[in-house]
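To start, the structure under review is shown below, and the notes come after it.
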Amino acid sequence: MSSASGNYDESSDLEAARQGSPAAFSRLYETHAPALHLWATFRIRPALRGRIDPEDVVQETWCRAFRLIPKYPPETPFRAWLFRIANLVLFDLFKRARPTKASALEATDKQQALANLPEDATAISKRAARNEHLLQFLAATRDLDDADRELLLLRGLEGRSHEEVSVQLGIEPATLRKRWQRLRDRLQSEVGLQAIVIDCD
C-alpha cells in the first residue's frame, strides 16, 4: 500500500521513531496530519463543531501516538495504526463534549492538557489546518453523498482493506472496488491525491 507522497520512504523513520527519535516521528506524523485533519472534519457532527475542533483531534492523536510509538507493531501500516488511535481520541472527545455541570472544569482541563503537549504538536495541527491542498480537497469533497464520503473515510483516509470496508458497508468486494476506483479517479482529476488519500487499488 502506497500513498501519493512522492518518494518519501517512511520505513526508516518508523524504525527511528520506535527507537525514540522525536524528529523521525514528527516527519511521519506531519506526512499524515492533513489526512487526519480532513477525516476529523468529516467525522465531527455539525452539532458538535462548536465544542470539538479538528485541531484538537490532531493534537491529541499526536500525543497518544507519540507515547505509544515504541510499541508500534511493524507489521501494521502506520496509517492504519494512527487512525485506530484517532478513532479512540474522537470517541473520547465526543464523550467529553456532552453538556454537563462540569463543562467549565472540562474547559480548564483542556487548556491544561494543551499546555502540556509536546512542543511541535500544536504547530503540526495548525500547519495541517492551513494546508492549501487540504482546503482544496475539503472543498471538492463537501458535496459527496453519504456512501462515497464513508468510502473515502474508511478506504482513502484510514487505509482499511477492501475486504474490511466491504463487510462494514455491506457491499460486495467487486462492487466496492469499482466504486472506489471511480471515486479515486474523480478526486485525482479534480484536486490530486498527494499524501492525503491512500493511493491504492
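Report every pair of residues separated by at least 6 positions or lying on different chains whose Cβ atoms are under 6 Å apart, first residue within region 19-38 and under 16 Å from I85 (Cβ atoms) and touching a residue at least 24 places away in the same chain (Cβ under 8 Å), second among the hydrophobic types (A, V, I, L, M, F, W, C) and not in a helix (DSSP H, G or I).
T31/A195; A35/I196
Taking R155 as the residue in question, decide whether it is modelled with pLDDT of 60 or more, part of a helix (DSSP H, G or I) and more than 18 Å from the chain's Cα centre (by Cα).
Judged against the criteria, R155 is not a match.
Looking at T108, T61, T100, can you tell me which residue is out of contact with any Lys or Arg (no Cβ under 9 Å at 6 or more places or on another chain), part of a loop (DSSP other than H, G, I, E, B) and either at pLDDT below 85 or surrounded by 14 or more Cβ atoms within 10 Å (Cβ to Cβ) (or both)?
T100
Which ones in region 82-96 are crowded, with 18+ Cβ neighbours inside 10 Å and without any contact (Cβ under 8 Å) to a residue 60 or more places away in the chain?
Result: L82, I85, A86, V89, L90, L93.
If I ask for residues that are in a helix (DSSP H, G or I) and crowded, with 16+ Cβ neighbours inside 10 Å, which ones from region 65-78 would you list?
A65, F66, I69, F78
The values are calculated or read from the model by the stated rules, or taken from the named source; none is laboratory data. Just so you know, these numbers come straight off a predicted model, no measurement behind them. Cβ coordinates were reconstructed from backbone atoms using ideal geometry, including for glycine residues, and neighbour counts include every protein chain displayed.
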